[in-house]
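The values are calculated or read from the model by the stated rules, or taken from the named source; none is laboratory data. Because the structure is predicted, anything quoted here is derived from the model rather than measured. Here the Cβ positions follow ideal geometry from the backbone for every residue, glycine too, while neighbour counts run over all protein chains shown.
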Amino acid sequence: MECEQEELQFLGVVGIYREAASILRAHRPLFARIAAAFVLPLSLLFLAHIAISHALFSHIDSDDSALDSAAPGTPAQRRLLHRLADDWLALLLFKATYLLALLLLSLLSTAAAVFSVASVYSAKHDALSFPRVLSVVPRVWRRLAATFLAAFLLLFAYHLLFVAVFVALLVAADSGSGLAALLAFLLALAYLAGLVYLSVVWHLASVVSVLEDYKGFEAMRKSKALIQGKLWTASAIFFLLNLVFFVVEVAFRAWVVRGASHGLGAGARLLLGLAMLTALCGVVMVALVVQTVVYLVCKSYHHESIDKSNLSDHLEVYLGEYVPLKASDVQMEQFNL
């Protein structure tokens, strides 16, 4: 890393992106192999999910329209009902398979990136190699899985609460309450702000699960404590990353999935699809590196120096029996400015 640990706390949005870019450039072969092994399949899975889901829903819509025009009680209606049931079953099985594959690839890519960036910062960064990273990844997936599950449950509860309150306000607004309409608008803004906040907490909790003795909701609480004082910086960083991710997704839906309706040929859609895949892979790779840099910045801001030798010893443990750092052995020791 270019910055000394005491200087990390002063990095802003641009500085953190620059620091992440310098890590990627300095260790390009390693991160290129991580991208090819984990991030590229993850990005391809996400885009394929969009295209296949669109095809399945189009088929369901077609059968549903045919069912509306079929005479009740006829063999044609029974065939359409059976076909619709098969369509929905296929969709549910596909979604379940997709979520499992997404979880697996997300765990692998996150573990590989966090370990690699932490190793770059450690005293033994010269020994960092792709086989070394591969030997570590399987040892941390349980901790990351617990944190991912905690984040999923938290986000599910958050969305459920928002929908319940928002629908209640819309019903009140429909009855002529102007105040309810205003509250619904303000609630939508608060919801988006909360979503960004939860995204920041989740990203940092993933790093905490690899580098510290926390997992699940404990890692989320630790992450929440870490971002205090750096919330605006972290929020701006992850908001920009999520915005770029959203733009790539929308572009893929418009130009590749629905490109034929805009007059785009198969060749043009294929080239655009490859461009979107490359862009998405780059965004995900940058996000994985950035989240570890943000973690280091937050540690520095709270005057917790990451001792390079102790961090190296901790990372070496991954190559044998995985024993996460205890809070008492933490690789961070207080320093005074």
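Values computed for the structure shown
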item: Only one of 51, 111 that is closer than 22 Å to residue 246 by Cα and within 22 Å of the chain's Cα centre (by Cα); result: 51
item: Residue match in segment 244-263 (condition: among the polar types (S, T, N, Q) and modelled with pLDDT under 90); result: yes
item: Residue within segment 173-181 that is polar (S, T, N, Q), out of contact with any strand residue (DSSP E or B) (no Cβ under 8 Å at 6 or more places or on another chain) and without any contact (Cβ under 8 Å) to a residue 60 or more places away in the chain present; result: yes
item: Exclusive hit being within 22 Å of residue 258 (Cα to Cα) and out of contact with any Gly (no Cβ under 9 Å at 6 or more places or on another chain), set 59, 27; result: 59
item: Selected residue [aliphatic (A, V, I, L, M), surrounded by 15 or more Cβ atoms within 10 Å (Cβ to Cβ) and over 20 Å from residue 105 (Cα atoms)] from 45, 67; result: 67
item: Condition met for residue 143 (at pLDDT below 90, surrounded by 20 or more Cβ atoms within 10 Å (Cβ to Cβ), in a helix (DSSP H, G or I) and of a type outside the set (S, T, N, Q)); result: yes
item: Near pairs, Cβ below 6 angstrom, 6+ apart or cross-chain, from segment 97-108 (not in a helix (DSSP H, G or I)) to any residue that is not hydrophobic (A, V, I, L, M, F, W, C); result: none
item: Test: residue 158 is out of contact with any Lys or Arg (no Cβ under 8 Å at 6 or more places or on another chain), surrounded by 13 or more Cβ atoms within 10 Å (Cβ to Cβ), without any contact (Cβ under 8 Å) to a residue 40 or more places away in the chain and not β-branched (Val, Ile, Thr); result: no
item: Among the candidates 70, 111, 37, 32, residue that is under 30 Å from residue 203 (Cα atoms) and free of Cβ contacts under 8 Å to residues at least 24 places away in the same chain; result: 32
item: Complete set of residues in segment 292-310 that are at pLDDT 80 or above and either farther than 19 Å from residue 112 by Cα or not aliphatic (A, V, I, L, M) (or both); result: 292, 295, 297, 298, 299, 300, 301, 302
item: Boolean, residue 253 is touching a residue at least 40 places away in the same chain (Cβ under 8 Å), in a helix (DSSP H, G or I) and of a type in the set (D, E, K, R); result: yes
item: The lone exception for residue 13 - which of (1) touching a residue at least 40 places away in the same chain (Cβ under 8 Å); (2) surrounded by 14 or more Cβ atoms within 10 Å (Cβ to Cβ); (3) more than 22 Å from residue 234 (Cα to Cα) it fails; result: (3)
item: Test: residue in segment 158-181 that is within 16 Å of the chain's Cα centre (by Cα) and either assigned to a helix (DSSP H, G or I) or among the charged types (D, E, K, R) (or both); result: no
item: Candidate set: segment 277-298, residues that are over 12 Å from the mean Cα position of the chain (by Cα), crowded, with 22+ Cβ neighbours inside 10 Å and not hydrophobic (A, V, I, L, M, F, W, C); chosen: the one farthest from residue 257 (Cα to Cα); result: 295
item: Residue list for segment 199-236, filter: surrounded by fewer than 17 Cβ atoms within 10 Å (Cβ to Cβ) and assigned to a helix (DSSP H, G or I); result: 217, 221, 224, 225, 231, 232, 236
item: From the options 165, 244, 171, 250, residue that is among the β-branched types (Val, Ile, Thr) and either surrounded by 17 or more Cβ atoms within 10 Å (Cβ to Cβ) or closer than 26 Å to residue 117 by Cβ (or both); result: 244
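Yes or no, residue by residue, for (1) modelled with pLDDT of 90 or more; (2) in contact with a helix residue (DSSP H, G or I) (Cβ under 8 Å, 6 or more places away or on another chain):
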position	(1), (2)
91	yes, yes
110	yes, yes
116	no, yes
125	no, yes
129	no, yes
138	no, no
